[in-house]
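The values are calculated or read from the model by the stated rules, or taken from the named source; none is laboratory data. Please read all numbers here as calculations on a predicted model, not as lab measurements. With ideal geometry, Cβ positions are generated from the backbone for all residues, glycine too; neighbour counts draw on all protein chains shown. To get the accessible areas, we keep the full protein, side chains included, count just its heavy atoms, and leave off ligands, DNA and RNA. Shrake-Rupley method; radii C 1.70, N 1.55, O 1.52, S 1.80 Å.
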Amino acid sequence: MKLKTILATTALAALMASPALAQQISVKAGVLNDRSGLYADLSGEGSVIAARMAVEDFKAADKGIKVEIVSADHQNKPDVGSTIARQWYDQDGVDLILDVPTSSVALAVSQITKEKNKIHINSGAGSSDLTGKACSPNTVHWTYDTYALAQGTGGAMVKAGGDSWFFLTADYAFGHALERDAGATVTKNGGKVVGAVRTPFPGTDFSSFLLQAQASKAKVIGLANAGSDTTNAIKQAGEFGIVAGGQKLAGLLVFISDVHALGLQAAQGLVLTESFYWDKDDQTRAWSERFAKLNGGKKPTMVHAGVYSGLLHYLKAVEAAKSKDSAAVMAKMKETPTDDPLFGKGTIRVNGRKVHDMYLYEVKKPSESKAPWDYYKQIAVLPGEQAFQPLAESECPLVKK
């Protein structure tokens, strides 16, 4: 063989052995959420930004993994979300769907993802049924759920003397699950549920429902809703003098974007449960500062953080599996401990429940806040194994009894 031929063959072999060619994998990730309605601030474009940051921080291109991010608005409607999910999987080559707030949409997308053998990493929805009776081998529920919220806020308020509850419940899958899980926590801790009322979703006028809650004389009015439903209910409760009259409000799912919308004057003293707070430590502050610069100055919610963390772990699994095959990637995701700057160390259980610590916070008084978005005081840490439902109590068919 001539020298030129030998050199050319050697160069080609070296090129073929480079990671970029040897492991070229193309992944298309779809961020499906509310981009125009009551959950747009807590998910929306911020989740797309978080997904792009995960790709950037993972240095996917350097590892031979090409990642494309697409997004769509499900309008909080299960039929719209289902149609988009089917089109993404059947026609557009989407490999995984991220975020999906609104439990009714999330449960539908989880089912379609199972049918199509793709992957769904949910950050925005709350229903614990996603890893309970409606669990799927293709779904991971990442950021929080109604069981953990109930353990945190519900348990803390009963122990503080709030032993009689009346629920104001958004009338769809999430509200029902949150009322169920919070009611069980109240009862387990020695309290009682004296009543509940279902409110239209989404709602704007909660006056008649708040009057029913006020008339119940329950010590705690549990708000089993989220987003602008929660902020509207809190504002209107203030107009009726409910808190001034001696009853307490329990915001069972309150995001930092809700506190920002309410303002500290209205939100001060609220006790809430979160899995992520931007000001927790140096790593969360550094990431959140980058995020805010891309998001009009707004700090991230735990939903945004969950999208970042979930996609980062997925990409690590693709790299380890050297494939985007759903079964292989999901197996890697579950067998590999999770670890990232925002949630720290954690695990994914067989039923798809991502486990990490949760935190109980109290909203600061205006006089206690030292800077913009300085809203929370940490009250307690709930270890992950205690915050989330034990596998022994799970209704998930994937869990062997």
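Here are a few things to note about the model shown:
- Under the condition of being farther than 21 Å from LYS354 by Cα and open to solvent by less than 10 Å² (accessible area, probe 1.4 Å), the residues counted in region 163-174 number 5.
- Filtering region 64-85 to residues that are of a type in the set (D, E, K, R) and either surrounded by 17 or more Cβ atoms within 10 Å (Cβ to Cβ) or touching a Lys or Arg at 6+ places or on another chain (Cβ under 8 Å) (or both) leaves GLU68, ASP73.
- Among the residues of region 164-202, those that are touching a strand residue (DSSP E or B) at 6+ places or on another chain (Cβ under 7 Å) and of a type in the set (D, E, K, R) comprise ASP171, GLU179, LYS192, ARG198.
- Residue within region 126-135 that is part of a strand (DSSP E or B), of a type outside the set (S, T, N, Q), at pLDDT 95 or above and surrounded by 19 or more Cβ atoms within 10 Å (Cβ to Cβ) present: no
- The selection criterion, being within 23 Å of LEU178 (Cα to Cα), open to solvent by 70 Å² or more (accessible area, probe 1.4 Å), of a type outside the set (Asp, Glu) and in contact with a strand residue (DSSP E or B) (Cβ under 6 Å, 6 or more places away or on another chain), does not hold for ILE348.
- Selected residue [assigned to a helix (DSSP H, G or I), open to solvent by less than 30 Å² (accessible area, probe 1.4 Å) and under 27 Å from LYS332 (Cβ atoms)] from ILE121, ILE112, ILE97: ILE112
- Residue match in region 252-271 (condition: in contact with a Gly (Cβ under 6 Å, 6 or more places away or on another chain), hydroxyl-bearing (Ser, Thr, Tyr) and within 20 Å of THR102 (Cα to Cα)): no
- Within region 38-66, residues that are under 16 Å from VAL329 (Cβ atoms) have Cβ atoms under 8 Å from residues that are in a helix (DSSP H, G or I) and among the acidic types (Asp, Glu) in these pairs: LYS63/GLU319; ILE65/GLU319, counting only partners at least 6 apart in sequence or on another chain.
- When restricted to residues that are more than 19 Å from LEU270 (Cα to Cα) and open to solvent by 90 Å² or more (accessible area, probe 1.4 Å), region 371-386 contains 2.
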